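Structure first, then comments.
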Amino acid sequence: MYRSFSELQPDMVLDAVEAFGVEVSGHCYPLNSYENRVFQVGVEDGPPVIAKFYRPGRWTIEQIKEEHGFAAKLSTAGVKTAKNLVSAAGDTIVEFDGFYCSVQQKIMGRMPEVDNFDNLYQLGQIIGEMHAATGSYQLTVRNVFDPQAMGSDNADFLAASWLPKKQLALYRKCVNALLQRIDQCLPADFSDSFLSIHGDCHLSNVLMTNSGPVLLDFDDVMSGPAMQDLWMFLAGDKIQQKKQLSELIEGYQESLDFPEQQLGWVPALRALRVINYTAWLAKRWSDPAFPLAFPWFNSEDFWIAHIKELQQLTKDFDAGLDATPARGGNF
C-alpha cells in the first residue's frame, strides 16, 4: 500500500536529506507544490537544499531515474539546471520510509518576465540548448505526449463523475466541438516530430539568475513536440505574443532551427492542457491539500466558467496566437 503525504513528518524529511551526505541544521519548511511535496532544508555551514518527495504511486523508480538521466544529460551539455545531489550509495534517488526522495541544490533567482524581451530571448536560448542536448536522448519508460489521454479520455472522466447534471449536456457539446478542432489541427504524423522534452515548461519552472535562466522541475519529462516547451511562455494579445515569439525564436535558433511548422499546433496544445489541468484537479481532489489550495474548483460557477473557456478555446483555433495566458502548475 502506498503511503500518504500526511505521514511525511519533518524528522523524516531531515533524515532523508542526510542520506545524501548533507549535514542538516534542523530548519525545514514546505514550499508550494501540490503534485509532490517539496521542502527547503537548512544545511550546517552552507546554503540550503531542496528536498523533493514524489507522489507515491505516480512514477516507478525506473521512470524517476530516467528523469534524472535527462537532467544529467543537460548538465553535462552545459545547460543550467538545478542539479540532483548524489546519495552515499551513489544514487540521485533514495527510498526512505516508503517515499522516493531526491535533493537538489538551492537556486537563487526570480521568475522570468514575459514583457522583458531579454528574458524571452534567454528563454529561447536555453530551450534550444535543451532540445539540442537531449534530441538524441531516447526515453524508454517515461510518458509520451498523448492527445487522446489528455483530451477525450479526461473529458469522459469529468463528464462521468464531476459535471453537474444541469451542465452535462452543454459540456459534452462544447468539449466535443473542441476535441474535433484539436483532432483536425494535429497531423496524422504528429508523433513523428517527438523528441525528449521538459514537458511542463512554464514561467514557474525557470529561474532567472545573474548568469541567465536555470531550468527546474523535470517531473513531467516526456517524449513530445518541441513546441510544448515553448508555447507556455506566450501571453497577452496577438500583438504581444508575436513580439514575444520573435525573441523566443531568435534565442532558440542559436542552437536549432525553430520548429515553425508546429506553431499551428499551439491552439491544440493549449486546449489539451486546459482539459488535462481540470481533470488533474478532479483526480487529486481526495488529497487534502487540493481543496485548500483550489477552493473555487467544482462549484457550479466553476463549471459554468469552464464551459465558457472551452467555447473560447474553440474560437481560438481561428485566431492563431491570440488567447489567454498559459496555466502554470504541475500535473
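Among the charged types (D, E, K, R), under 18 Å from the mean Cα position of the chain (by Cα) and either more than 25 Å from SER4 (Cβ to Cβ) or modelled with pLDDT of 95 or more (or both): is that true of GLU62 in this structure?
Here the answer is no, as GLU62 does not meet what is asked.
Take the residues in region 219-235 that are in a loop (DSSP other than H, G, I, E, B) and in contact with a Ser or Thr (Cβ under 9 Å, 6 or more places away or on another chain), then tell me which one is surrounded by the fewest Cβ atoms within 10 Å (Cβ to Cβ).
Here the answer is ALA235.
On the given criteria, is THR134 touching a strand residue (DSSP E or B) at 6+ places or on another chain (Cβ under 6 Å) and assigned by TED's automatic domain parsing to the domain that holds MET222?
It is true that THR134 is touching a strand residue (DSSP E or B) at 6+ places or on another chain (Cβ under 6 Å) and assigned by TED's automatic domain parsing to the domain that holds MET222.
Of everything in region 122-154 that's among the aliphatic types (A, V, I, L, M), under 27 Å from THR60 (Cβ atoms) and touching a residue at least 60 places away in the same chain (Cβ under 8 Å), which residue is surrounded by the fewest Cβ atoms within 10 Å (Cβ to Cβ)?
Only one residue tops the list, namely VAL144.
Restricting the search to region 267-315, which residues are assigned to a helix (DSSP H, G or I), farther than 26 Å from LEU170 by Cβ and in contact with a helix residue (DSSP H, G or I) (Cβ under 8 Å, 6 or more places away or on another chain)?
ALA289
Conditions: (1) outside any helix (DSSP H, G or I); (2) over 30 Å from ILE304 (Cα atoms). HIS131 meets all but one. Number of the miss?
Status for HIS131: all satisfied but (1).
Listed here are the residues, each with its yes/no results for (1) farther than 20 Å from PHE117 by Cα; (2) at pLDDT below 95; (3) of a type in the set (S, T, N, Q).
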residue: CYS201; (1), (2), (3): no, no, no
residue: ASP220; (1), (2), (3): yes, no, no
residue: TYR252; (1), (2), (3): no, no, no
residue: VAL266; (1), (2), (3): yes, no, no
residue: LEU272; (1), (2), (3): yes, no, no
residue: ALA289; (1), (2), (3): yes, yes, no
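In a helix (DSSP H, G or I) and in contact (Cβ under 8 Å) with a residue 24 or more places away in the chain, is that true of SER196?
Answer is no for this residue.
Determine whether PHE39 is hydrophobic (A, V, I, L, M, F, W, C) and over 30 Å from LYS242 (Cβ atoms).
yes
Of all residues in region 139-185, which are of a type in the set (Val, Ile, Thr), part of a helix (DSSP H, G or I) and within 25 Å of ASP229 (Cβ to Cβ)?
ILE182
Take region 103-120 and flag every residue that is surrounded by fewer than 21 Cβ atoms within 10 Å (Cβ to Cβ), part of a helix (DSSP H, G or I) and in contact with a Ser or Thr (Cβ under 9 Å, 6 or more places away or on another chain).
Within region 103-120, PHE117 is the sole residue that qualifies.
Filter region 299-313 down to the residues that are buried (at least 19 other Cβ atoms within 10 Å of the Cβ) and of a type outside the set (A, V, I, L, M) and list them by number.
TRP303, HIS306
Quick one: which residue in VAL49, VAL41, VAL79, VAL86 is of a type in the set (A, V, I, L, M, F, W, C) and in contact with an Asp or Glu (Cβ under 6 Å, 6 or more places away or on another chain)?
The match here is VAL79.
The values are calculated or read from the model by the stated rules, or taken from the named source; none is laboratory data. Only a predicted model underlies this, so the values are computations on that prediction, with no experimental measurement involved. When we count neighbours, we look across all protein chains shown, and the Cβ atoms used for this are built from the backbone with ideal geometry, even at glycine.
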